[in-house]
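To start, the structure under review is shown below, and the notes come after it.
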Amino acid sequence: MPLIFIFLSATLPEKYSTLIAATAAVTTAVAEKLNPPATKSHRDMVFIPAGKFSMGSDANQGYLICAKYNKTCHEKWFNDEQPVHTVKLRGFYIDIHEVTQEKFQRVMGESPAKHKTAHRPVENVTWFEAREYCERVKKRLPTEAEWERAARGGNDFVFSWGDEAGSGKVNFCDRHCDKSWRMKNFDDGFTHTAPVGSFPPNEYGLFDMSGNVYEWVMDWHGENYYRRSPAENPAGPESGSKKVMRGGSWINYATGVRPADRTASKPNARMDFVGFRCAQ
Ligand SMILES: [Ca+2]
Ligand SMILES: [Ca+2]
C-alpha cells in the first residue's frame, strides 16, 4: 500500500514547520527501511518488509470459488488451506519474475522446459533442481509463508487483484487451454505458458505469482499444518513426502490461482506446469 504524505508547511506557524521537518526525517528513515537501496545482488527482486499477514482461507473459500465457475469440485481439495491464521515474517527479497528458461540455461547448463522460448518460465524442473539453481545464484527458495505474503500483495482479496476471476489478469486454463476442463468464458490468450511478465503485476510489483507456472517453495506439505504452525517465520513440517507448489498455472481452474491455494508433489516430479522463483 503506497504511503502518501501531504505537507502544508507554507501555511503553518513555525513550530509546526519544525515538527513537520522532524516528521519528514523519520518518514525518510521509514521509507529507506521499507525500501532498502537495491544492490547488485538484489537486482530483479522486490523487498517485502517485515510484518504480519493473514495466511490461508476460511469459510470454504476455495470450494465456493470452484463451484461458482466449475462443475467438478470437491471440498477436500481445499482442507489444507484452512484456517486463516496470523503469521509474522521477517523482511525478505523475492524475484520479480518466475525464473526464465534463458536464466536457468545460463546457470545450470541446460533447460528441461517443454514449452520452449527463452523468456517463458522454466518448467519440468524438479524441486531439487529449483533449490540448486537458487543456491548457485546465492539465493534460496522462499518459504511457503513468504510466498503467500508476497503473492497477496498486501491485501486479503480472494484473488490478488480482487474477489472475481477475470480475463487478462493471469494465465490459467482459459478458452485457449487444451485441457478438457478449460473455462470457456475466460480469455487470457495463452494455451500453455506465457512469457514472464505478460500480465499486470500485483501491488508489490511481482509478476505471475498467480498462474502461468506453479512455483516450488521450500516447505514440506502438511495437510493439517495450518492448525499448529508457529506464529513467526513458519518453515513447514520438519519432514514429509511432498513439497509445496503455489500459485496455480496454465492448467488450473480460476480457484487454483488464489494466493491461498496449496498443492504439493513429490520433490523429484517433473511437470510442464511447475517452475519456481527465488528469495533472499
Ligand atoms: Ca491460458
Ligand atoms: Ca506463477
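Nothing in this text is a laboratory measurement; each read-out follows from the coordinates by a stated rule. All figures in this text were calculated on a predicted structure; none of them were measured in a lab. We place every Cβ from the backbone using ideal geometry, glycine too, and count neighbours over all the protein chains shown.
With the Cα gyration tensor of the stretch 136-187 giving a ≥ b ≥ c as the square roots of its eigenvalues, does the rule (a/c under 1.5 for rounded; else a/b larger than b/c for prolate; else oblate) give rounded, prolate or oblate? It comes out oblate by the Cα gyration axes. Structure note, pairs Lys116/Lys169; Lys114/Lys179; Lys103/Lys138; Lys68/Lys184; Lys52/Lys138; Lys116/Lys242: Cα-Cα distances above 19 angstrom occur for Lys116/Lys169; Lys52/Lys138; Lys116/Lys242.
Put simply, when 87-98, 261-272 are sorted by average Cβ atoms within 10 angstrom per residue, most first, you get 87-98, 261-272.
Neighbours of Val170 by Cβ distance under 11 Å: Lys/Arg scored +1, Asp/Glu scored -1, total -1.
Using a simple spin-label model with pseudo-atoms 7 Å out from Cα toward Cβ, Ala118 and Ala235 lie 3.8 nm apart.
Remark: the chain carries a charge dipole of roughly 380 debye about the Cα centre, counting +1 on each Lys and Arg Cβ and -1 on each Asp and Glu Cβ. Which FRET efficiency, nearest 0.05, do Arg140 and Val84 yield, Cβ-Cβ r, R0 41 Å? Using R0 = 41 Å, I get an efficiency of 0.95. Based on Cα contacts under 8 Å between residues 6+ apart, the chain shows a relative contact order of 23 percent. Stretching the chain fully between Lys184 and Met108 yields a gain of 23.6 nm (0.36 nm per residue, less the alpha carbon separation). How much length is gained on full extension from Arg270 to Ala59, taking 0.36 nm per residue of separation minus their Cα-Cα distance? Difference between extended and current length: 72.7 nm. When the chain is described by a simple charge dipole with +1 on each Lys and Arg Cβ and -1 on each Asp and Glu Cβ, the residue from Pro234, Trp220, Pro267 located farthest towards its positive end is Pro267. Is the shape of the stretch 39-275 best called rounded, prolate or oblate, per the rule: a/c under 1.5 gives rounded, else a/b larger than b/c gives prolate, else oblate, with a ≥ b ≥ c the square roots of the Cα gyration tensor eigenvalues? Because its axes are fairly even, with a/c under 1.5, the stretch 39-275 counts as rounded.
Of all the options Trp77, Trp216, Trp250, the one that moves most in a Gaussian network model of the chain with Cα springs shorter than 10 angstrom is Trp77.
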